[in-house]
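Engineer: Below are the structure tokens for one structure; questions will follow.
FYI, it's all coordinate maths here, none of it is from the lab. Everything quoted here is computed from the prediction, not taken from an experiment. With ideal geometry, Cβ positions are generated from the backbone for all residues, glycine too; neighbour counts draw on all protein chains shown.
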There are 4 protein chains.
Amino acid sequence: MTVQVGVLGATGAVGQRLIQLLEPHPDFEIAALTASDSSAGHAYRDVAKWRVDTPIPAEIAEMTVHATTPEAIPDDVDLLFSSLPSSVGAKVEPPFCEAGYVVSSNSSNSRMAEDVPLVIPEVNAEHLDLLEVQRDERGWDGALVKNPNCSTITFVPTLAALAAAGFTLEEVHVATLQAVSGAGYDGVSSMEIIDNAIPHIGSEEEKLETESRKLLGTFDGAELTHDGVEVAASCNRIPTLDGHLENVWVEAEEELTPADAADAMAEFPALDLPSSPDPLIHVFEDPSRPQPRLDRNLGDGMAIAAGGIRESTFGLQYNCLAHNTIRGAAGASVLNGELLLENGYL
Amino acid sequence: MTVQVGVLGATGAVGQRLIQLLEPHPDFEIAALTASDSSAGHAYRDVAKWRVDTPIPAEIAEMTVHATTPEAIPDDVDLLFSSLPSSVGAKVEPPFCEAGYVVSSNSSNSRMAEDVPLVIPEVNAEHLDLLEVQRDERGWDGALVKNPNCSTITFVPTLAALAAAGFTLEEVHVATLQAVSGAGYDGVSSMEIIDNAIPHIGSEEEKLETESRKLLGTFDGAELTHDGVEVAASCNRIPTLDGHLENVWVEAEEELTPADAADAMAEFPALDLPSSPDPLIHVFEDPSRPQPRLDRNLGDGMAIAAGGIRESTFGLQYNCLAHNTIRGAAGASVLNGELLLENGYL
Amino acid sequence: MTVQVGVLGATGAVGQRLIQLLEPHPDFEIAALTASDSSAGHAYRDVAKWRVDTPIPAEIAEMTVHATTPEAIPDDVDLLFSSLPSSVGAKVEPPFCEAGYVVSSNSSNSRMAEDVPLVIPEVNAEHLDLLEVQRDERGWDGALVKNPNCSTITFVPTLAALAAAGFTLEEVHVATLQAVSGAGYDGVSSMEIIDNAIPHIGSEEEKLETESRKLLGTFDGAELTHDGVEVAASCNRIPTLDGHLENVWVEAEEELTPADAADAMAEFPALDLPSSPDPLIHVFEDPSRPQPRLDRNLGDGMAIAAGGIRESTFGLQYNCLAHNTIRGAAGASVLNGELLLENGYL
Amino acid sequence: MTVQVGVLGATGAVGQRLIQLLEPHPDFEIAALTASDSSAGHAYRDVAKWRVDTPIPAEIAEMTVHATTPEAIPDDVDLLFSSLPSSVGAKVEPPFCEAGYVVSSNSSNSRMAEDVPLVIPEVNAEHLDLLEVQRDERGWDGALVKNPNCSTITFVPTLAALAAAGFTLEEVHVATLQAVSGAGYDGVSSMEIIDNAIPHIGSEEEKLETESRKLLGTFDGAELTHDGVEVAASCNRIPTLDGHLENVWVEAEEELTPADAADAMAEFPALDLPSSPDPLIHVFEDPSRPQPRLDRNLGDGMAIAAGGIRESTFGLQYNCLAHNTIRGAAGASVLNGELLLENGYL
């Protein structure tokens, strides 16, 4: 029983990754692609500047791109993956949900809304049930689920592993070294970043600080309480193509040794979903790992890599990494789609 | 009254920068160059693989390179700049000092020795008087002065500015994004770093954590007390050529606003030495600055750049940057040489 | 007697370089800046995203930007430097010339027009007199002079040096390795070029093949005859910031040895103009030079560097390099302005 | 019937690629690894600094590394893959051949020897019979087969395709843009190549010019006659990790149109060997392709990519690309091993 799916914003960087991941997917079949009005009516091949490192799938290349409106979507489509710019997502996602579509979205709009589940399946699958609240409140037949920002996804699973092992996290500092693909194909010009680093990514720090607390929070069936951990983030863009690397300092209420942390991360369970890698967190002993180019493709780009776990002047210190356009964006949405399917929302 | 100076380890990356800085210097004249035994006896042009972006000075090119021993140095040389590998420096610097030479060294050996001044002139010029203790204890006619590690030099002036403005610093987190030149010409291979970042630089974090406390410490004329600030560092190598960028979080005993910090940094005084830039700390309002490629050459590579000064979840947060082979290495040694001259040690 | 000048298209990459070069210029004073209508009326500081590696000159920063129309230019301005997109240049440059302005333009429009001098002063200063023909034909009080494409400027001086030494050039092959700045600030995205090269730059090859023949041609006072050398070009974009490197093969009618070529290039004369470097062509013996990062700033970015001059399977082979936004664009226009001044056109 | 194979020089860059390719190979099983004397006796995991982007195979990691001498190789090994430095290869390969081993070597020594087949299976498989001559002359039980230099392998298949389609090639110019991995892990330092290009690779041009003529030559059963095509090469190192891109100009005796060339390349046959991709040459219509990052992995890194096929001022012009450490080195040796197996030499 294959689910017919659509991709909203299919020509962009994340849209292309979505197609790359969905085309061979065991449960999903791409039945609709949308883009801006100027692309609607054209063959995907002609409007997408395909830049993923595997060839454009032949059938997809010939598909006609639709406008991004509910009317344009074929009737048999049940699930939509959205990678729209957030300003567009804010406008068009609600009408799709109202029209009955389930939307698994990577766009940043509505991520912090009280009745919108923000989900990393291995971390907080139970938050999905917030959809009941959402449907009650909004009167939607469809549903809207979000995955977090790529830089949030990179470090939150490591925090969740520590929490799952019984540690009460109090203070977290995180510095990010983010790849250029996180800004989209044209987001960072070559003259800005060759032989350079940029210590500022608009609104990014706030996302790490707030989304992490929501993800680690508790849903009691009616309301979601954000976690008490306090996070301070500092975000940098560096000249890497893919893979966000993060330096993390953690202070817990309890004594937390590097060995404790390594065990907690290595044992943090994966899920039995097609895109959930096992192990979820790959723990390196070599202190010089993980590195973006060497480790971003672990678990087909869906694993979290951690290493350099060591005592710090304050608490514990380590590094982690994830592929920002797979685990951090397109793969995150696909995984949420798999969770929606498993939990009967499709 | 020009001082005749020598450069120990003149063929390396820092050695070449030393020559670039010393050749036009108003008070110093290069009278001796040393390198490994295999280079001794050859013209500098033939043994140095000159890679600095200004041409090799014509007179220097023709100078004969000496072995790195006191006997090989001409008599009229008073001051030696040392940029030797630390294992070599540990062996050969003491004999030079014993033979009466004043050595301004960038090498990491002995930086934390109790009777060796570790100096950034604008930060702790008064530590230079530790040389009296050193001479007493070691019976040297010469003297050994160190400058700190390049990544230490980048952020300590900003801490010193806050301290000078009356803030008592308690906890500091610092994440570094360090340029490849910090590892020397052959220190980082291209295959290691293109499209990559390496979250580990051997012993580097300890240097930031310990050298900073010594630099900010108090010398009472007899003994040096290290400062109480606690520092936790996380060090990364990224694909930039020059310029170390650092993300800093500071928690002070007192309330410390971004405006306080910006004022403290902007007003922190330069010194009246040829290589001390004015202002010492260039404070940017644009939150995306400083950036390595755009800002490393401020003050001829001797300025510290700071920006993104903002409230943090914990205390204050900002970014800073310095040119690692000028302010962070060769220029640091030259500046210490200027301080030695001014204070009558030559 | 300082000439008042204006910059058309002052906010772009070449426009910023023009300002960097003109601000300290001995003979020119910036009196007007123009940009698109949306920037007109604003302070330059607010509409230019300044990315040159020297600070924006304080007076320039405060200047009000004008629309790019003759009416907007102050009366005392005599000379305009144009770095407009070619489609814009094609529309607006003629009205400026008709209104009496002398325009030294880097834009590619009209470069091959029969009555428009295409000039590298050290190569074909005598072509400037084509302006008499131009004024006759077009009835302009002003005048329009062009400099060639950045990749053309890099290799033509070396061909001119060989021709000046008496060699009759027949066949030239040239492969270019061009820096990203040649495409403007946003011309090449980081995702396109990190760890990559692009063997195609639209219309670039034709420019090298045709502009070179015009530059090397003969002006008899009435008509310009293009040179008979045949050129085949292959153009590539690579991940360098500035400096176009080119591999050249030359076959001449006469025997042409590497020594002949090296002498011809080293002795090719500079001009007595403020921006013409001496020597014009810097000839390296080291076969691994010139290299973009090490050699693009020779002669303040206005020199041509050549090296690796060697026998080839066919004729002669060598490499050459020039700074593409200085010698290849902004500096080329400024140098043409200096030639116009010297020859009494201002 | 799996053939037991050994890897000589297993710790280097090409050695690691050999292991990556051989480990899942259908016909070969790794039974021996050798390296320098200092590595002998240690587990492979401990002496190889594994940097390939797939994990080190678990069984290989635990294998004990041998010295590079015939005595150290287990008896049941029949085929050796050699990726030794050429100076070492020149010394140790002959003794292995004398001891009865068949050696498929990527090292540059002996490539141009009259009785050593230099083979790209799809281009000149019939040259393999030169081994009969070799065994007669040298009295070896074993045999020595070479694959060409990585930059030679990239463009020769395109020339072979044109020759196979009936065109008589006369003059070829080729400019290379070569990746850093071609120089080995430590061959190019990051300071040499970030924001830079180097127009010189020692002895490389000669390899393209001479190896190409041998590969395209004719073996009559007794003697190998080199082809008459004349090749002029210009070699550059650029900041790419993998994938050599080449600009080629070809002049043929007959009229040769872009369409002829595209057809000839697209139809040039692959072989029925495990590592020979089908198609062998992937022809792009998009003139901006092939590009190293996007196209180096075509055919699992064993395909040749060609594009930008166009008329030139002289003859024809196009670009081609191959993965330099797979098709250009490790994969080339493996493919030769497969040819040796098919032709009964094992």
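Engineer: Go through segment C:72-83 residue by residue and turn each phi into a ³J(HN,Hα) via Karplus (6.51, -1.76, 1.60, θ = phi - 60°); whole Hz please, and just put x for glycine and proline.
Structural biologist: Taking θ as phi minus 60°, the curve returns 7, 8, x, 5, 7, 7, 10, 10, 10, 9, 10, 10 Hz for segment C:72-83.
Engineer: What list of ³J(HN,Hα) values in whole Hz, one per residue of segment A:316-329 in order, does the Karplus curve 6.51 cos²θ - 1.76 cosθ + 1.60 (θ = phi - 60°) give from phi, with Gly and Pro shown as x?
Structural biologist: 10, 9, 7, 10, 9, 8, 8, 6, 6, 9, 9, 3, x, 8
Engineer: Please find the FRET efficiency linking A:M112 to C:E29, where r is the Cβ-Cβ separation and R0 is fixed at 56 Å, and quote it to the nearest 0.05.
Structural biologist: Given R0 = 56 Å and the Cβ-Cβ separation, E is 0.55.
Engineer: Calculate one ³J(HN,Hα) per residue across segment B:42-59 by plugging θ = phi - 60° into the Karplus curve 6.51 cos²θ - 1.76 cosθ + 1.60, and present them in order as whole Hz with x for glycine and proline.
Structural biologist: 9, 5, 3, 3, 8, 10, 8, 8, 5, 10, 6, 7, 10, x, 5, x, 4, 5
Engineer: Rounded, prolate or oblate: which fits segment C:1-131 when a ≥ b ≥ c are the square roots of the eigenvalues of the alpha-carbon gyration tensor, with rounded for a/c under 1.5 and prolate only if a/b beats b/c?
Structural biologist: prolate
Engineer: Run the quick spin-label model on C:D53 and B:H226: label points 7 Å from Cα toward the beta carbon, then report their separation in nm to one decimal.
Structural biologist: My value for the distance between the label points is 3.7 nm.
Engineer: Also: Take A:K49, B:K214, A:K146 and order them by how many other Cβ atoms sit within 10 Å, fewest up front.
Structural biologist: Going from least to most buried by this count: A:K49, B:K214, A:K146.
Engineer: Once you list every other residue whose beta carbon is under 11 Å from the beta carbon of D:K49, what net charge do they have if Lys and Arg are +1 and Asp and Glu are -1?
Structural biologist: Numbers: positive: D:R45, D:R51; negative: A:D286, B:E192, D:D46, D:D186.
Net of charged neighbours comes to -2.
Engineer: With n ≥ 4 as the cut-off for DSSP H runs, can you work out [θ] at 222 nm for chain B, using -39500 (n - 2.57) per run divided by the number of residues, rounded to the nearest 500?
Structural biologist: Taking each H run of at least 4 residues, the total per residue is -8000 deg cm²/dmol.
Engineer: Other chains' Cβ within 10 Å of B:271-282 residues: what's the mean?
Structural biologist: 0
Engineer: Two decimals, Cα atoms only, Kirkwood Rh: what is Rg/Rh over segment A:150-323? Intermediate values should be presented prior to the final figure.
Structural biologist: On the way: Rg = 15.9 Å, Rh = 16.5 Å.
A ratio of 0.96.
Engineer: Note the count of lysine pairs whose C-alpha atoms are less than 22 angstrom apart in chain C, limited to pairs 8 or more residues apart or on different chains.
Structural biologist: Lysine pairs, 8 or more places apart or on different chains, close enough: 4.
Engineer: Find how much the distance from D:E253 to D:A90 grows on full extension, using 0.36 nm per residue of separation minus their present alpha carbon separation; answer in nm with one decimal.
Structural biologist: Full extension of this stretch gives 54.8 nm more.
Engineer: Now for a different question. Counting Lys and Arg as +1 and Asp and Glu as -1, each charge on the Cβ, what is the dipole of the protein assembly as shown about the Cα centre in debye, to the nearest 20?
Structural biologist: Using only the charged Cβ atoms, the result is roughly 20 debye.
Engineer: For segment B:220-234 and segment D:246-307, what is the centre-to-centre distance using only Cα atoms, to the nearest Å?
Structural biologist: 64
Engineer: Is the shape of segment B:204-266 rounded, prolate or oblate, going by the alpha carbon gyration tensor and its root eigenvalues a ≥ b ≥ c, with a/c under 1.5 for rounded and a/b larger than b/c for prolate?
Structural biologist: Oblate, since a/c reaches 1.5 and b/c is not below a/b.
Engineer: Let me ask something else about it. Quick check: the distance between the Cα centres of segment C:110-159 and segment C:30-52, to the nearest angstrom?
Structural biologist: Using only Cα atoms, the two centres lie 28 Å from each other.
Engineer: Using the Cα gyration tensor of the protein assembly as shown, with a ≥ b ≥ c the square roots of its eigenvalues, what is the shape: rounded (a/c below 1.5), prolate (a/b larger than b/c) or oblate (neither)?
Structural biologist: Here the protein assembly as shown falls in the rounded category.
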